[in-house]
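Note sheet for the following structure.
The values are calculated or read from the model by the stated rules, or taken from the named source; none is laboratory data. Just so you know, these numbers come straight off a predicted model, no measurement behind them. Every residue, glycine among them, receives a Cβ derived from its backbone with ideal geometry; neighbour counts consider all protein chains shown. Surface areas here come from the heavy atoms of the whole protein model, side chains and all, with no ligands, DNA or RNA. Shrake-Rupley method; radii C 1.70, N 1.55, O 1.52, S 1.80 Å.
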Amino acid sequence: MCFLCELFTRFSLYFKVYNRAKRFYLCFMLPILHDSLHLLSKLSFRRVLNFSQVIVSYYLTRWLKRPIQWGLPVTVSIEPTTACNLRCPECPSGLRAFSRETGNLKSDFFRKTIDSLHRDLIFLIFYFQGEPYINPQFLDMVNYAHKKRIYTITSTNGHFLSDENARKTVESGLDRLIISVDGTSQETYEQYRIGGNLENVLQGARNMVKWKKKLGSRKPYLIFQFLVVRPNEHQIPEIFRLAREIGIDEVKLKTAQVYDYENGNDLIPTLNQYARYRQKKDGKWELKSGLANHCWKLWHACVITWDGLVVPCCFDKDATHRLGDLKNSDFRSIWQGGAYKTFRQSLLKGRDQIDICQNCSEGCTVWA
């Protein structure tokens with residue numbers, strides 16, 4: 001009898017482990033696998049060749065200590081709008097604090113830009129500053145890029161994912177949707193997402209899951225992005241539970257950029273692994289990651305503002321390092337031009353001397 005009980009207990013345990021593993025695979029690993037295969041389907045011989053040229057030129061640059069740039073960007077971020085409905089305290093859009101011109105990306109300019117880049121481009125990120133869904137032509141532009149077989153990504157605060165917009169988003173062909181959910185209770189959420197309503201965001205996420213199922217689509221791949229700050233760090237386990245309940249494919253824990261950190265800041269988490277900064281012996285704070293004098297982003301990616309300015313990366317939020325203007329020049333001449341070469345050279349000489357590099361998050365993102 002004891003032997004049978006032991007056998008039954010072990011069988012029950014194995015069955016539970018199998019079911020848990022199966023649930024984990026179906027809930028998390030299967031969507032990741034589908035997304036990866038979908039990304040691979042976007043590749044062409046020309047895109048792979050271009051990517052190879054970019055990688056080789058980047059490592060040659062690091063080896064020879066002089067800027068060499070072959071190929072065109074693999075990833076481009078383009079800004080649908082600078083407008084936002086929220087007032088997040090560490091965001092120029094939220095603070096309404098831009099010194100550059102603000103406005104919406106125009107679809108004819110977007111199409112012209114994509115027509116010149118799409119043969120070599122793999123990723124197109126519809127985001128820089130602002131809330132993309134505020135641009136009324138946003139999903140039409142997504143669909144245009146989708147027809148060019150580019151892998152499309154956007155990031156949203158989630159307040160515009162109405163039932164209709166959720167359906168249109170799935171129909172647009174968008175490949176990845178990042179939804180910012182920086183708290184699991186309204187009280188915590190609104191401490192950073194000032195003016196936001198958490199329930200609206202969660203309902204928007206449910207709408208996305210619903211329309212994916214209704215339309216039989218595996219896209220877009222849905223991510224909850226949780227910006228870890230001191231007020232919400234205790235809710236990290238809860239965001240994973242919420243994601244599972246709603247049917248989100250992945251949770252991304254992101255470290256927060258803080259502009260005024262030297263004297264400490266109430267947003268810096270107490271959990272060290274989620275903080276970009278550390279306290280020194282003299283009580284001052286510093287960036288944890290070292291600033292090596294090379295940067296992969298500057299070789300494989302760039303940012304285009306809504307009005308056609310080409311800037312090095314997403315840390316140049318006010319477009320102070322303007323490397324070209326697509327209203328006056330074609331992209332290739334900008335990418336290979338003198339301004340870009342000079343900027344790459346200055347980066348190799350001393351990244352700590354470039355303002356936008358001094359608070360860089362490269363290597364500071366946590367995936368879960």
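Restricting the first member to the stretch 64-91 and to residues that are more than 11 Å from Ile194 (Cα to Cα), and the second to residues that are of a type in the set (D, E, K, R) and in a loop (DSSP other than H, G, I, E, B), the beta-carbon pairs closer than 6 Å and six or more apart or on different chains are Leu72/Asp120; Cys84/Glu131.
For the stretch 130-152, the candidate set comprises residues that are part of a helix (DSSP H, G or I) and among the hydroxyl-bearing types (Ser, Thr, Tyr); within that set, the residue that is least open to solvent (accessible area, probe 1.4 Å) is Tyr133. Glu101 fulfils the conditions (1) assigned to a helix (DSSP H, G or I); (2) in contact (Cβ under 8 Å) with a residue 12 or more places away in the chain; (3) farther than 27 Å from Leu49 by Cβ; (4) open to solvent by 70 Å² or more (accessible area, probe 1.4 Å) except for a single criterion, (1).
Applying the criterion of being among the small types (Gly, Ala, Ser) and farther than 18 Å from Phe138 by Cβ to the residues of the stretch 82-126, the residue that is modelled with the highest pLDDT is Ser116.
The requirement of being at pLDDT 90 or above and either surrounded by 13 or more Cβ atoms within 10 Å (Cβ to Cβ) or touching a strand residue (DSSP E or B) at 6+ places or on another chain (Cβ under 6 Å) (or both) is satisfied by Asn197.
Which of the helices (runs of 4 or more DSSP H) contained wholly in the stretch 163-251 include at least 1 residues that are within 24 Å of Pro92 (Cβ to Cβ)? Break it down stepwise before answering.
Values: elements: 163-172, 186-192, 198-214, 236-246.
Helices (runs of 4 or more DSSP H) meeting the threshold: 186-192, 198-214.
Within the stretch 107-124, the set of residues being surrounded by 21 or more Cβ atoms within 10 Å (Cβ to Cβ) and within 13 Å of the chain's Cα centre (by Cα) comprises just one member, Leu124.
Okay, residues lined up against (1) under 24 Å from Leu298 (Cβ atoms); (2) in contact with a strand residue (DSSP E or B) (Cβ under 7 Å, 6 or more places away or on another chain):
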| position | (1), (2) |
| --- | --- |
| Ser77 | yes, yes |
| Thr81 | no, yes |
| Arg87 | no, no |
| Ser93 | yes, no |
| Ser99 | yes, no |
| Thr102 | no, no |
| Ser107 | no, no |
| Arg111 | no, no |
| Ser116 | yes, no |
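For the stretch 185-193, the criterion of being buried (at least 21 other Cβ atoms within 10 Å of the Cβ), modelled with pLDDT of 95 or more and over 14 Å from the mean Cα position of the chain (by Cα) is satisfied by no residue at all. Among the candidates Leu267, Leu298, Leu323, single out the residue that is in contact with a Gly (Cβ under 8 Å, 6 or more places away or on another chain), surrounded by 13 or more Cβ atoms within 10 Å (Cβ to Cβ) and modelled with pLDDT of 80 or more. From the options Leu267, Leu298, Leu323, the qualifying one is Leu323. As for the stretch 270-292, it holds no residue that is open to solvent by less than 20 Å² (accessible area, probe 1.4 Å), at pLDDT 85 or above and touching a helix residue (DSSP H, G or I) at 6+ places or on another chain (Cβ under 7 Å).
For the residues Leu60, Leu86, Leu49, the requirement of being among the hydrophobic types (A, V, I, L, M, F, W, C) and in contact with a helix residue (DSSP H, G or I) (Cβ under 6 Å, 6 or more places away or on another chain) singles out Leu86. For Leu227, the requirement of being farther than 30 Å from Arg47 by Cα and within 18 Å of the chain's Cα centre (by Cα) is met.
The single condition among (1) in contact (Cβ under 8 Å) with a residue 60 or more places away in the chain; (2) within 16 Å of Val311 (Cα to Cα); (3) open to solvent by 20 Å² or more (accessible area, probe 1.4 Å) that Tyr127 does not satisfy is (1). Within the stretch 24-39, can one find any residue that is closer than 30 Å to Val251 by Cβ, aromatic (Phe, Trp, Tyr), exposed (fewer than 11 other Cβ atoms within 10 Å of the Cβ) and modelled with pLDDT under 50? Within the stretch 24-39, not a single residue is closer than 30 Å to Val251 by Cβ, aromatic (Phe, Trp, Tyr), exposed (fewer than 11 other Cβ atoms within 10 Å of the Cβ) and modelled with pLDDT under 50.
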